[in-house]
Amino acid sequence: MLNAAVPVEISVARAAIVGFFANFPRGAVAGRTLDLLGEQGSMLHAKKGDTIPLMAGQDTVAFICEGATKLIATASRGREQIVAFHFKGDLVSIPRSGEHAYSMKALRETQIVLFGAQAFLRVARDDPGLLEAMLARTQLALYRCRDKAVGLGKKTATERMASFLIIMAERIGSPVSGGCLLDLPMSRRDIGDSLGLTIETVSRQLGELRELGLVETDGRSRIFLPDPATLSTRAGHI
């Protein structure tokens, strides 16, 4: 059984929230709002593989302070689908269990602040800066969901793999020598589950992209993209 994440003192949670919202344009989130969020939030520390306990019986808003997570939807007969990967700075909306059950697991050591969605929204109603921050994050999440829907519905395995790498480059990549270096926290099995591919297909597609000179691999997690623009074309982007 996986260990559950453990609580961290609330002053640390508030400091993380302050650091997050301070990066928004115009520094728009008020100090009183930060105090209220600090009171509402529960900060947890999770080791790799830990299950992060979401708010029971209600929607959850999660802010990733450090680390990386995967969001999992479970259907009948225990079938699981990785819905999304999340990284430092992401503000994530997670529905309560309904037609599907949702869970979140740490891909590496992670600190995360959890809020009940209704409590979070009550605070947000009185702060235009926080509402603007939420809208920006919601629009970005919607864009990514639509892009993924196109990939799952119409794209080839090669295009899905190339698209995944381009998205990871944008989110967690480090510019190196005119290209981009990735240190992926998720396994190839996780990648395949997210893209609707088998682990064998993921490995085969990486091999083909490597033969084309579009990726260079170092072990199981480090990937260098020497020519992201050409890789983006391979992803079917226009």
Cα-based helix-to-principal-axis angle, 199-211 vs the chain, degrees rounded to 10: 60
Potential extension, residue 177-residue 200 segment - 0.36 nm per residue separation minus Cα distance: 5.3 nm
Dimensionless Rg ratio for region 27-150, taking C-alpha atoms and the 2.2 N^0.38 Å reference: 1.07
Assigned charges on the beta-carbon of Lys, Arg, Asp, Glu; the chain dipole about Cα centre (debye): 420
Calculated P(r) of region 116-204 - Cα pairs past 17 Å, %: 62
Whole-number D in µm² s⁻¹ for the chain, Kirkwood Cα-pair radius fed into Stokes-Einstein, 25 °C, 0.890 mPa s: 129
FRET efficiency estimate (nearest 0.05) - Cβ-Cβ, residue 217 to residue 99, R0 41 angstrom: 0.60
Translational diffusion coefficient (Stokes-Einstein; Kirkwood radius from C-alpha pairs) of region 155-234 at 37 °C, 0.692 mPa s, in µm²/s: 267
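Only the coordinates and a few stated rules stand behind these numbers; no lab work does. Note that the structure is a prediction, hence the values are computed from the model and not measured. No Cβ is skipped: glycine too gets one built from the backbone with ideal geometry, and neighbour counts run over all protein chains shown.
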